[in-house]
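Structure provided below as structure tokens; questions to follow.
The values are calculated or read from the model by the stated rules, or taken from the named source; none is laboratory data. Note that the structure is predicted; figures quoted are calculated from it, not measured. Every residue, glycine as well, gets a Cβ built from its backbone with ideal geometry; the counts of neighbours run over all protein chains shown. To get the accessible areas, we keep the full protein, side chains included, count just its heavy atoms, and leave off ligands, DNA and RNA. Shrake-Rupley method; radii C 1.70, N 1.55, O 1.52, S 1.80 Å.
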Amino acid sequence: MATPTPPQQQHDDIYSFRYLSGLGNSFSSEAVAGSLPRGQNSPLVCPLGLYAEQLSGTPFTAPRARNLRTWLYRIKPSVTHEPFHPRRPAHRRLIGDFDRTTTVATPTQLRWRPADVPHAPPLDFIDGLYTVCGAGSSFLRHGYAIHMYAANKSMDGCAFCNADGDFLIVPQQGKLLITTECGKLLVPPGEIVVIPQGFRFAVDLPDGPSRGYVSEIFGTHFQLPDLGPIGANGLASARDFLSPMAWFEQAHRPGYTIVQKYGGELFTATQDFSPFNVVAWHGNYVPYKYDLSKFCPFNTVLFDHADPSVNTVLTAPTDKPGVALLDFVIFPPRWLVAENTFRPPYYHRNCMSEFMGLIYGVYEAKADGFLPGGASLHSCMTPHGPDTKTYEVVTELFPRSV
């Protein structure tokens with residue numbers, strides 16, 4: 001087999017990465033010129049002696065508009081690993097099935113303080129990940145889980161693979177440098193990254209300790225919400241989503257460990273090579289990131305407070321029209337222009353549960369007590385709304401019109 005050589009511009013300077021623009025596009029990328037087959041997906045002999053491997057994110061027969069798959073051209077196929085075994089010691093803080101044997105149900109409003117990032121013991125992204133809440137089942141392929149993480153070391157000699165669903169990761173403190181089979185993504189606080197089901201990835205911490213939030217969905221994938229009467233433009237633009245360009249390493253790595261999450265439990269398998277040995281790829285099933293400052297919000301310009309759904313960045317749809325499995329919604333800096341209107345979010349009871357985190361700043365409905373890195377949960381039909389201090393300040397600053 002020929003030995004592919006990375007071009008000179010492909011290096012580990014974390015501030016020089018280039019990306020592919022667009023969400024839902026069909027991309028192609030090669031780290032070595034001529035490594036991508038032309039005219040077919042799986043030739044008898046691939047260029048440079050690479051191996052063709054397809055990663056499918058949907059069933060083969062999914063409608064074309066929703067069919068997701070990517071072809072990877074790798075130095076060694078990912079099947080060449082040792083058998084999987086339950087990880088030891090077991091990770092006791094991850095849940096994939098939510099029932100009375102694994103969780104406690106309560107309608108009480110809950111709030112968490114920011115998690116301290118421990119200095120010891122060493123915790124990478126995997127060991128620092130823990131489940132906060134969720135619903136449904138990863139085995140039944142329907143539901144979601146909300147996790148948080150606090151890590152103080154980069155992943156070394158291992159990669160993570162989530163066979164249960166997509167990860168949407170929101171760093172709140174500390175950049176993440178994420179290496180995937182499609183290439184590298186640098187994700188600072190204020191950006192999000194989606195790692196689709198099945199991709200192997202490793203998380204480095206270029207700024208030191210990091211913490212943040214993770215949404216996980218089972219049985220579907222994130223997509224942009226329909227805009228309806230808003231029209232063709234607004235909210236998150238597909239052009240602002242960025243996917244990595246091909247990057248690879250081919251070093252011999254004896255004892256390299258793949259950590260696979262399956263059914264909420266972790267399993268490990270060893271191999272003698274890096275999983276990031278993909279020299280070229282093409283397809284529409286790829287990791288991507290998004291800068292939340294590029295979100296174009298819509299808001300009230302005369303009276304009353306808009307429903308929070310108008311701030312949806314990404315949605316995970318169900319088969320029932322208008323009903324999401326999970327919506328990722330943000331409340332970015334924006335103008336609130338209204339007459340004779342209570343400015344913060346209204347008091348509310350909701351058929352959907354709401355989990356909220358804070359990346360930076362102050363949440364407009366909570367004057368104090370809700371800090372960056374913290375979280376809150378308002379379960380189905382549990383009343384919630386602004387605290388007393390916020391209500392009093394707002395009604396004094398913006399009195400009713402006469």
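Identify, please: which residue in the stretch 243-283 is on the phi > 0 side of the Ramachandran plot and either assigned to a strand (DSSP E or B) or touching a helix residue (DSSP H, G or I) at 6+ places or on another chain (Cβ under 8 Å) (or both) and is, among those, most open to solvent (accessible area, probe 1.4 Å)?
255
Just checking: which of the strands (runs of 3 or more DSSP E) contained wholly in the stretch 104-168 hold 1 or more residues that are farther than 16 Å from residue 266 by Cβ?
Where strands (runs of 3 or more DSSP E) fall fully within the stretch 104-168 and carry at least 1 residues being farther than 16 Å from residue 266 by Cβ, they are 110-112, 129-137, 142-151.
Which ones in the stretch 209-242 are over 18 Å from the mean Cα position of the chain (by Cα), assigned to a loop (DSSP other than H, G, I, E, B) and either among the acidic types (Asp, Glu) or surrounded by fewer than 17 Cβ atoms within 10 Å (Cβ to Cβ) (or both)?
226, 227, 231, 232, 233, 234
How many residues does the stretch 36-67 contain that are open to solvent by 40 Å² or more (accessible area, probe 1.4 Å), within 17 Å of residue 223 (Cβ to Cβ) and among the aliphatic types (A, V, I, L, M)?
1
Scanning the stretch 24-35 for residues that are in contact (Cβ under 8 Å) with a residue 60 or more places away in the chain and open to solvent by 40 Å² or more (accessible area, probe 1.4 Å), which turns out nearest to residue 280 (Cα to Cα)? I'd like the intermediate steps shown before the answer.
Restricting attention to the stretch 24-35, the residues satisfying the condition of being in contact (Cβ under 8 Å) with a residue 60 or more places away in the chain are 24-32, 35.
Those left that are additionally open to solvent by 40 Å² or more (accessible area, probe 1.4 Å): 24-26, 28, 30.
On the way: 24: 19, 25: 17, 26: 14, 28: 8, 30: 4 Å.
Residue satisfying both the conditions and the ranking: 30.
On to the next question. So which residues in the stretch 335-356 are closer than 29 Å to residue 216 by Cα and loosely packed, with under 13 Cβ neighbours inside 10 Å?
In the first step, residues of the stretch 335-356 are kept if they are closer than 29 Å to residue 216 by Cα; the result is 344-356.
Within the stretch 335-356, 347, 349, 351 qualify.
Restrict the check to the stretch 350-359 and report whether at least one residue is outside the structural domain of residue 247 (by the TED database) and either closer than 30 Å to residue 71 by Cα or more than 26 Å from the chain's Cα centre (by Cα) (or both).
No.
With (1) out of contact with any strand residue (DSSP E or B) (no Cβ under 6 Å at 6 or more places or on another chain); (2) in contact (Cβ under 8 Å) with a residue 40 or more places away in the chain as the list, and residue 161 as the residue in question, which single condition is left unmet?
The number of the failed condition is (1).
Can you list residue pairs whose Cβ atoms sit under 9 Å apart, with the first residue in the stretch 258-272 being among the basic types (Lys, Arg) and the second being part of a strand (DSSP E or B) and surrounded by fewer than 19 Cβ atoms within 10 Å (Cβ to Cβ)? Count only pairs 6 or more apart in sequence or on different chains.
261/267
Could you tell me which of the residues 304, 327 is in contact (Cβ under 8 Å) with a residue 12 or more places away in the chain, at positive phi and either in contact with a helix residue (DSSP H, G or I) (Cβ under 7 Å, 6 or more places away or on another chain) or assigned by the TED database to the domain that holds residue 356 (or both)?
When all the criteria are applied, what remains is 304.
Condition test on residue 294, is it open to solvent by 90 Å² or more (accessible area, probe 1.4 Å) and either at pLDDT below 95 or out of contact with any His (no Cβ under 8 Å at 6 or more places or on another chain) (or both)?
Yes: the conditions hold for residue 294.
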